[in-house]
Every structure is written in C-alpha cells, then in structure tokens.
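Okay, structure first, notes after.
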Amino acid sequence: MNTFKLPILMIIALLFSASSMYSYYRDLEVVRYVSATIKAVGWTSSELEMEVLKFDHALTALAAETADEEFVQLHFELLWSRINTLLQGEESRPVREQPGVLPILESLSIQLARWESRIYALGTSDSAGNKAKQRAQVMALRQELSHFRKLAREINVDSFSGTNAWQQLDIIQDIRLRSSVYLIGLLLSGGLMMLLLLRENRRNRYLAYHDILTRLPNRMYFYQLINKALRDADKRNAGLAVHMIDLNGFKAINDSLGHEVGDKLLTVVAQRLQECVKVHGHAARLGGDEFVVIQPLSLGEDPKPMATQLWQSLIRDVPLPAGNLSPQACIGTSVYPEQGTGVSELLSHADTAMYYAKHSSTVMVQCYEMGMDERRLRKQKLALALQGAIEQDQLVLYYQPIYELEGGAIESVEALLRWHSSEHGVIHPLEIIAVAEHHGLAHKLNEWVLLTASRQLSDWHQAGFSGLKVNVNISPSIFMDGELASTVHNVLRATALSASSLVLEITEDTSLWDTKGSIATLEQLRKLGVEIALDDFGTGYSSFSHLRQLPLNKLKIDKSFVADMTTDPKALSLVKTIIALAASLEMKVTAEGVELKEQQLQLQQLGCELGQGYLLAKPMAAIDMTAELQSTCA
C-alpha cells in the first residue's frame, strides 16, 4: 500500500471509531442520568410517604398512650425536615419537576407550619380531662393528615407506575434503541467508507503503476520490477535479459488509419508480449510505441530465442474491421551482467541495439555488441553537424540533367544533395537523409533543398534558360506532416519562381502511407501549378488503381529495370508496359540509370520521352551545370 495513504486511512479509521464510541457513550450517559433520575424520584417519593406514615403512626401511638409527646414531636420534625429538603435541595429538583408534586409539597409545608403549635402543645396536662381532650386533638390531626397521606401515596405510586414514570422508561428504551442503531449505522458507514477508501487506494495505486490503455506496468513500475529482477539474478547467480521493442511506422498508422486503430494495435501488442512472457518475466510499456521485456536467464541461457519469439508474435496480422494490419517491430537486447551492471546501462545498450535493428533492412532482432555505441554516437554527432550545416548553409546541391531522348535537349535537372563535413568527411546522401529522418531534421533539410534549388533555377531563368525545370526529391516525413503545400508556396513566393518550373519527386512508399491524405496533399500542390513525379516506379507497391487516383504528371522508371533491358526480355517487357501505362494516363516517362547506348536506343524505340543517367551526364556542381546548359543550347 502507498505509504502516504496508510496514515490517512488510519486517521480516518480512528476518527470514525472515536466518533462512534463518543456518540454511543453520550447516549449511555443520558440513559444513566434518566435512570438515576427515576430512581431518585422513586426513592424520594417513598421516603416522603414513609415519613408521613411514621408521623401518622406516632400520632396513633400517642392516642393509644404507647408513645409520648416527644416521639410525636420527633417524627414531626423529621417530616418537616424532609419537606424542606424536597422544596429546597438541588438533588431533589427532579422530584419537584414531577407534575403536581411541587404544589403538594408547598401545601404540606404550610400545613406543618399550622400544626407546629398544636404539636408542641400536646402533653401539657396530665388530668383525665386534658388527656381526653388531647386524644381528640390527636384524632383531629390524624384526620387532617389523612388527606396528605393519600397525596403522598399517590406521588409514590406515580413515581413508579404512573404515566410520567412510563414516559421516562420509554425515553430510556428509545435512547437505548437509537444509540444502538446509531452505533451500528456509524460502524457500517465507517466500514463502508474504509472499504471504499481501500478500494480507491488500490485503484489509484494500480493507475499509478500501470498503463491505462494496455494494462501493462508503466515506466515507474518498470524500474521497480527491473531493480527487483537484478537483485533476484544476483541471488540466483544467474543473468537477466532486457528486450527493448519498438513498432516501425506506428506514427504513420496513427495518422493514416486513426488513433483508434493505433490504440487497438498497442493493446494487441501488449497481449502478445504477456502471452510470450507469461509468469517468467515482465512486460512493460515505457511510452508511445516503445515496450520492454525483462527475461530472467538461467546460467548460460541464450536470450535470442525469446527475442525471436517476441518478434514473431508481434508481426502476426492484427484483424481489423476493414481488413488485416501487418505490424512491423524491431527488438534490441542487452544482457546482465555481461553488457551492463546497472539499469541505465542495460537500457542504453538495449536501446542502441534496437536502433541498429530499426535502421537495418535485414535484421529485426539485434543483440548488443561492442562498438555499437560508437557507431550510434557517430549518428548523433552527424545529426548535430547536419543541423549546423543546414543553418550555416554548408550543404551543396549537385544537378544531374534530364534529357529529351529525341533531340538531346535538357528538359530539367534533378537536385542532388552533397555534404562534405569538416569533421566527418564526405557523407553519402542516403546517410544524410536517414540521419535527418531519424533526428527530426527532415523538414528543415527539405526546405533548404527546395529553397536552394529554386534560387538556382531562378538564376538560370534570368540567364536565358527560361524553359528549364528543377526536380526535388521529397522525404516521407515532410510529405506526411501536411505542411508540404505551404512550404512550397512560401519557397515559390520567396524566389519569384513559376510553380510550373518545379517538379516534386515522391517515392511509391511515400504516397502509399495514406492514399486519401496523399491525394489531398498532391491536389494542393497541383493547384499551385507544381508538377508531381512518381520516383523509382516499379520497386514499391503501387497498383493501377492507385496510379489512377493520384494526380501525377510523370513516372520515373527505376534504374534496375533499365539496367536489365538489354539482357532480360522480362525487364524489357516491363519497361514497355510501364511506358504504355503512363501514356494511357497522360504521364511523361523518365528512364533513370541510362548508362549504355543500347539502353537509350531501346527506350527511344519504346516511346520513352526523357532519360537520365551517366551515359548522358553525371551529377555536377551548379557552375558546371551552367556550362552544360550553355553548350547544349549553343
């Protein structure tokens, strides 16, 4: 239980217990008071009646000459003292408060005052006549006392069995009943509240330590689990494997298919991880599409089978209402204690291995190896250097001309990125793009390329090459973020370049991430007047219906088909089909990788309009491209 919640629950429990017991004892005190009052009233009324009877008996004994006058006077004093106590004593207040008692006591007190002289006059003469007279006086006193004796009797009876007594008893019974009900109610409500608090505490603790979507342990709980697993591994003198798992293209799934599908995928991934791990280890979600599995290892056990099992489980199709989704994942593994003795080191090495798996075209499951950190550090340094190169305009564009195969005129030029870093030397364009995509620099890089190429084309237009166009490759990230049209618009406005002079090249994979979104983006570009070319056609997954939906101007046949044209009839047939398809869709075709004269001739025979390759011209710096334009137009 949460250590912060426990004292609060104890305090609440103590408060409820204290309030319940206090209420119960308050009612008990009331019962005791009422009971004591009833007893006091009964005892006092009995004593009052007893004193009246004793005084009456004393008078009777005096008349029968079995007692003397002093005996009568003694009981008279006792009765009067009792009456005064009842009228004035604080402890006698409950008796006086009884209905009709106070008037009786007052009248009896008045009567005693009247009797005083007569009582003390008794026995003043011993003559026979006086005795007869005294007897007559005693009998008269008894006659007068009989009325008060009757009243005292009524008071005594009422105090035990009268209406008021029964009311007092009813009050006691009601108080006892209510106090019991209240006590039970308080205890039940307190118990229920305690139960709810404990339940809420358990729920809050669960939410604090688990991911609400997948129900897996979250990052906070993961650190507790792995620390415990490391201690257990030390006790067993065994090892521990940490498998870092990342889903490839998860953002694209969220963007194209919606967050509901993304959440469904994450839930299925969590279930599959738990099925693989079962009770031998733990699976956790660190955040986003990143998961981690802790696998206890016996001495000498290889973690690769588990990593492979996890990967095979994750890539199984996920059924959706609209079809099946085929998730892709990469896994990086580090082992304790060989590849790290602490949590941060193990996670860092597993993350490094996952990084290599994610950027490999052949390996999806990668165990950490020495030297990976240095290679990854190079990527990070390259990312920092690339950001600085973009900001300080240290990158360079080379241009490769695209020729009209009939006539040899330059129709356009393709802008190709080059970077010679002072620290890292010449960086291959594919590595530049990979670093930019992985470290969030793709948008800045694309914007720099667009702006630089457009400025150069504007200069060529001013130099007299007004019909020239420039082709710029667009990375998937800038195409998918929905800002491409606005970026192109800003570049065209900044360079005063005609939109029809700009050709944007996108790959098949880029346009297929989200067909609906692709169409919307491409239509925005077409409204600007920009041309769209589908690059490397034939290597992706485009279908005829896909081509028909996309508002394209050009197709670029991948160089792998062009290279095999002269030796492979199937390759020649495919190129012929692509050219015919493009013609039917009113698209121009550019053949990439033209390196042999035979290839150029065959392409011309098949009706291909444009060609690009080392046979025609290699990529060149802007100044050399200017000379090539001048020589071609001369």
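The values are calculated or read from the model by the stated rules, or taken from the named source; none is laboratory data. Here the structure is a predicted model, which means the values were calculated and not measured. All Cβ positions, glycine included, derive from the backbone under ideal geometry; neighbour counts span all protein chains shown. SASA here: full protein model, heavy atoms, side chains in, ligands and nucleic acids out. Shrake-Rupley method; radii C 1.70, N 1.55, O 1.52, S 1.80 Å.
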ask   = Of all residues in the range 573-597 being charged (D, E, K, R) and over 16 Å from SER560 (Cβ atoms), which is least open to solvent (accessible area, probe 1.4 Å)?
value = LYS588
key: Residue list for the range 412-455, filter: modelled with pLDDT of 90 or more, open to solvent by less than 40 Å² (accessible area, probe 1.4 Å) and outside any strand (DSSP E or B)   = LEU445, ASN446, TRP448, VAL449, LEU450, THR452, ALA453, SER454
note = Taking the range 254-286 and the residues there that are within 25 Å of ASP302 (Cβ to Cβ) and surrounded by fewer than 16 Cβ atoms within 10 Å (Cβ to Cβ), the one that is modelled with the highest pLDDT would be GLU275
message = Can you tell me which of (1) at pLDDT below 75; (2) assigned to a helix (DSSP H, G or I); (3) within 15 Å of SER46 (Cα to Cα) is the one ILE83 doesn't meet?
response = (1)
Considering residues of the range 612-633 that are part of a helix (DSSP H, G or I) and free of Cβ contacts under 8 Å to residues at least 24 places away in the same chain only, the residue most open to solvent (accessible area, probe 1.4 Å) = ILE623
query = Using beta carbons and a limit of 7 Å, which pairs, at least six apart or on different chains, have the first residue in the range 563-588 and farther than 12 Å from PHE537 by Cβ and without any contact (Cβ under 8 Å) to a residue 60 or more places away in the chain and the second one assigned to a loop (DSSP other than H, G, I, E, B) and of a type in the set (A, V, I, L, M)?
reply = THR566/LEU596; ALA571/MET565; LEU572/MET565
key: Filter result (surrounded by fewer than 19 Cβ atoms within 10 Å (Cβ to Cβ) and out of contact with any His (no Cβ under 7 Å at 6 or more places or on another chain)) within the range 287-304   = GLY287, GLY288, GLU290, LEU297, SER298, LEU299, GLY300, GLU301, ASP302, LYS304
query = Hey, any hits in the range 299-316 for a residue that's modelled with pLDDT under 90, under 22 Å from ASP211 (Cα atoms) and among the polar types (S, T, N, Q)?
reply = no
task = Spot the failing condition for PRO103; the list is (1) surrounded by 15 or more Cβ atoms within 10 Å (Cβ to Cβ); (2) farther than 17 Å from ALA136 by Cα, and only one is missed.
result = (1)
inquiry  = For the condition closer than 15 Å to LEU347 by Cα, touching a Pro at 6+ places or on another chain (Cβ under 7 Å) and either assigned to a strand (DSSP E or B) or open to solvent by 80 Å² or more (accessible area, probe 1.4 Å) (or both), what is the one hit in ALA241, ALA229?
reply    = ALA241
remark   = When LYS251 is run through (1) open to solvent by 20 Å² or more (accessible area, probe 1.4 Å); (2) over 28 Å from the mean Cα position of the chain (by Cα), the failure sits at (2)
